[in-house]
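So the structure is just underneath, and the comments pick up after that.
Coordinate-derived values only; no laboratory data. Bear in mind the structure is a predicted one, so any value in this text is a computation, not a measurement. Every residue, glycine as well, gets a Cβ built from its backbone with ideal geometry; the counts of neighbours run over all protein chains shown.
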Amino acid sequence: MSSRIPRQSARESGRNHPGIEAGLSAELASVVSGARRRALRDGDRQIDTAHLLHSLLESDAEVRAVFDGGAQVARLLGYLVQRSIGYGLRWQSTVEDFGAGPVVVDAGWSPVAAGAMEEAYARAVLRGDERARGLDLLAALVADRRSRAAEVLGRAGVDLPPLLERIESGCEERVSRGEGGW
């Protein structure tokens, strides 16, 4: 059975990166796979930033650790689960694009999610890594305040600038300990 949400490289969507999924760690590739399954199950035409955030929170302990405790993560997951069952935040069957230009139906990625994936890869390259990780993607999602992920974070009471600072300081600590970034 073929997926309604096909894999698409960034080049196919008009971007310059050789492929959205090419530079991912094994853990982040698993997150993307989970987001793809969630989008398909939810009946959405494209993977968006809320799908990515949901999958990150479910599967990446480093991502969960940068939040202010388990209650904040539980609230976030609550909003995201409500969305996936068609209650609460309603974006189903709409495209997350924010005027990004023409949207290709069934392209696999919303333009905003594709941009977040590219930003995650760029962050990895800047710290000298060939693979993007979960915190790279979370930082990209948090930095784009127009995304659905940022909207969910805000509704759950997450203050975005301090969250981005915690992500950044975690990276600096690991580099100073000789762990090569996140």
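Descriptive notes on the structure:
- For residue 108, residues with placed amide H under 5 Å, excluding near neighbours: 47
- Efficiency of FRET between residue 127 and residue 72 - r from beta-carbon atoms, R0 25 angstrom, step 0.05: 0.45
- For the pair segment 151-167 and segment 28-64, the centres of their Cα atoms are 18 angstrom apart.
- For residue 24, distant residues with modelled amide H under 5 Å away: 132
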